[in-house]
Amino acid sequence: YQPMPAPAPPAEPPAAGKAPAGNAYGVDTRHLAPRRIGELSMDLYISGALGWEEYSMLAFQAELHPAFDRTIGALTGEKAAPDRPRDYIALWEERLAFEQKHNVRDRPLIERTRRVLNALNHIDAPTDMMV
């Protein structure tokens, strides 16, 4: 008779902004803060996953600007929270839908937005290479 081993403790969810195993960039784009997305955008640009224009779109995080609370925040009623995680996949899906609806004639903008979203989606679903 062999006793059964004790069950493994439940897997803990990744810490804020940490990626599941196998993620090349080490981030979870569905739970990432604006401060960290700025860093990630540079990584994506350097690796060639994003071009300069897409990098610029993703890297700009208004909440990192010191005057956010007095400008955009005053208009929206929200305070800057550059360390509060957001779902960047959902945010860029919304942005793409907005551009497709309101900027139909600006195909380059729509395509740049789509490339940013695709890059973010590929981070969460890395390619599994078998040798």
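With labels modelled as points extended 7 Å from the Cα through the Cβ direction, what inter-label distance (nm, one decimal) is found for Glu39 paired with Thr76?
2.2 nm
Under a Cβ-only charge scheme (Lys and Arg +1, Asp and Glu -1), can you give me the dipole magnitude of segment 29-131 about the Cα centre, in debye to the nearest 20?
Approximately 240 debye in magnitude.
Put a dot 7 Å past each Cα toward the Cβ at Val104 and Leu64; how far apart are the dots in nm?
Distance between the two pseudo-spin positions: 3.6 nm.
Suppose every Lys and Arg Cβ carries +1 and every Asp and Glu Cβ carries -1, with no other charges. What dipole size does segment 44-96 come out with about its Cα centre, to the nearest 20 debye?
Around 160 debye, computed over segment 44-96.
Largest first, what is the accessible-area ranking of Phe68, Phe60 with a 1.4 Å probe?
Numbers: Phe68 20, Phe60 145 Å².
Ranked list, largest accessible area first: Phe60, Phe68.
Can you compute 3J(HN,Hα) from phi for each residue in segment 98-106, using the Karplus curve 6.51 cos²θ - 1.76 cosθ + 1.60 with θ = phi - 60°, rounded to whole Hz and x for Gly and Pro?
Here the 3J(HN,Hα) series is 4, 4, 5, 7, 9, 10, 3, 7, 9 Hz.
Tell me, what is the per residue accessible area of segment 41-82 in Å², probe radius 1.4 Å?
I get 63 Å² per residue for this part.
Would you tell me the accessible area of Trp92, worked out with a 1.4 angstrom probe on the heavy atoms of the protein chains, in Å² to the nearest 10?
For Trp92, solvent-accessible area is about 10 Å².
Please give the solvent-accessible surface of Ile72 in Å², to the nearest 10, using a probe radius of 1.4 Å with every protein chain present.
Answer for Ile72: close to 70 Å² accessible.
So, taking all protein chains as they sit and a 1.4 Å probe, how much accessible area belongs to Glu99, in Å² rounded to tens?
20 Å²
The values are calculated or read from the model by the stated rules, or taken from the named source; none is laboratory data. Owing to the predicted nature of the structure, the values given are computational and were not obtained by experimental measurement. Note that each Cβ is placed from the backbone with ideal geometry, even for glycine, and that neighbours are counted across all protein chains shown. In case anyone asks, the SASA skips ligands and DNA or RNA and just uses the protein heavy atoms, side chains included. Shrake-Rupley method; radii C 1.70, N 1.55, O 1.52, S 1.80 Å.
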